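Inspection log for the structure reproduced underneath, given as structure tokens.
The values are calculated or read from the model by the stated rules, or taken from the named source; none is laboratory data. Quick caveat: nothing in here was measured; it's all calculated off a predicted structure. Cβ sites come from the backbone with ideal geometry, for glycine too, and all protein chains shown count toward neighbours.
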Amino acid sequence: MPRVFHGNYDFEYELATAGYNRSRQLERMNAELIAHLLALAADGDRLFCDDVALEEFLVDASVAGFPSVRTIDGCHRGQIEASLVPWGCSKPAAELATLRGWSCEAPATRSVARANSRQFSFEIEQRRAVAIPGAVAVDSSQQVESAITTAADIWKAPSTEFEWLLKAEFGMSGRERVAGRGVSLNDSQASWICRRIDSGGQLFFEPRVRSICELSSHWCLSILSSGRRIETGRLAESELIGTTQLLVDQSGQYVGSIPIDYAATGKPLFGCPGFCLASEMFEQILRDARQVTDDAGILGYHGPISVDSMVYRGPDGEPLLRSIQDVNARLTMGRIALEWCRRFGTSNRPAWLLAPIKWLDDRGWVATPDNPLRRLTSPRTVAQRDVKRVGLVLDDPADLQDLLSTYL
């Protein structure tokens with residue numbers, strides 16, 4: 001049975017807001033990102049999209065050795081038997097499957113929401129004692145100010161200069177958070193806090209730290225081998241798909257990923273001079289991530305799940321591990337990167353990037369689906385608009401060094 005991949009990249013908004021209506025801007029974002037799900041596809045699968053430029057790209061890509069995939073749009077009248085694979089298993093995604101007559105192995109909505117909530121990851125990192133010193137849950141502006149003062153004392157920094165982050169229950173790609181410096185909140189920050197607390201939400205405060213490196217482990221929680229429906233209190237079977245190093249730019253925005261494994265331990269990671277990932281630290285990352293997947297399974301969740309980790313400078317300058325920085329009970333760009341690098345990588349350090357087109361053009365780099373060194377994995381134009389970033393497999397270590405020196 002073919003699969004239909006659905007790019008609901010605004011999945012967290014679908015979880016957070018009852019009766020959510022997607023804005024035109026987010027519709028465009030979903031259309032621009034849908035091609036990345038090609039990484040998970042096989043011959044005969046479909047992408048849920050009606051863009052002509054994407055269809056043309058898929059034809060060219062299949063000639064270059066990509067899976068042979070077509071699009072299917074929302075107005076398609078012909079019935080096909082298929083299973084829906086969304087970016088995230090939200091209620092609207094499950095309703096789409098029902099409307100189109102497709103199967104969808106969706107866990108209960110409450111388990112999806114709980115596994116993706118910051119409360120879920122916060123509780124586990126507190127229990128595993130891997131939270132950033134000074135991190136705390138808050139539910140009022142007064143508690144925020146108290147948290148800032150306490151954390152500044154822990155970090156031996158003046159409270160007036162102390163940098164911090166405040167995150168909402170659900171967020172995506174740096175959205176739904178506010179950054180600040182010092183104890184006094186400005187009007188914009190205070191308004192943001194009040195709106196989310198008044199709507200019944202909880203906020204999560206953490207000191208802003210200096211990252212050394214960021215990593216992700218990617219898992220799949222499958223329905224128990226008995227085939228019976230998963231229910232709350234029953235464990236799913238978790239499988240480690242792989243691990244990646246996250247690449248971020250100077251603003252902290254995601255740029256791409258590099259697959260890593262135990263062979264990377266004891267050696268400097270890309271862009272991390274003077275720091276080697278110890279095998280004990282890598283093992284703790286996987287051990288704590290497996291605790292996350294076990295707890296998600298107990299909730300009744302099954303499907304893809306990724307756990308982000310970070311090594312950062314502690315109050316005394318020593319490297320500390322935050323092994324449960326974020327939990328994403330959905331597909332992730334790191335998982336996409338892992339699949340593309342496994343499919344096309346031949347060097348000892350392939351990478352997949354969400355590369356700014358301007359950066360590529362400034363280098364004079366030619367990226368096409370059939371270029372083995374700089375393999376384009378998504379179209380430059382979607383919905384008659386040039387996209388800002390494209391997917392790209394880099395398979396030349398010299399290109400990675402150029403990336404480090406000119407962009408990261």
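A few remarks follow.
- Scanning segment 148-159 for residues that are in a loop (DSSP other than H, G, I, E, B) and loosely packed, with under 14 Cβ neighbours inside 10 Å yields Lys156, Pro158.
- Counting the residues of segment 356-408 that are under 17 Å from Phe344 (Cα atoms), in contact (Cβ under 8 Å) with a residue 24 or more places away in the chain and not basic (Lys, Arg) gives 18.
- Leading residue by the ranking (farthest from Cys220 (Cα to Cα)) among those in segment 303-319 that are in contact (Cβ under 8 Å) with a residue 24 or more places away in the chain and more than 17 Å from the chain's Cα centre (by Cα): Pro315
- Total residues in segment 160-182 satisfying the condition of being assigned to a loop (DSSP other than H, G, I, E, B), surrounded by 17 or more Cβ atoms within 10 Å (Cβ to Cβ) and modelled with pLDDT of 90 or more: the figure is 1.
- Across segment 315-343, the number of residues qualifying as touching a strand residue (DSSP E or B) at 6+ places or on another chain (Cβ under 8 Å), outside any strand (DSSP E or B) and either buried (at least 20 other Cβ atoms within 10 Å of the Cβ) or at pLDDT below 95 (or both) comes to 12.
- Hits in segment 380-408 - residues which are part of a strand (DSSP E or B), under 14 Å from Lys358 (Cα atoms) and not charged (D, E, K, R): Thr381, Val390, Gly391, Leu392
- Scan of segment 303-314 for residues that are over 14 Å from Leu240 (Cα atoms) and either aliphatic (A, V, I, L, M) or surrounded by 24 or more Cβ atoms within 10 Å (Cβ to Cβ) (or both), ordered by number: Ser309, Met310, Val311
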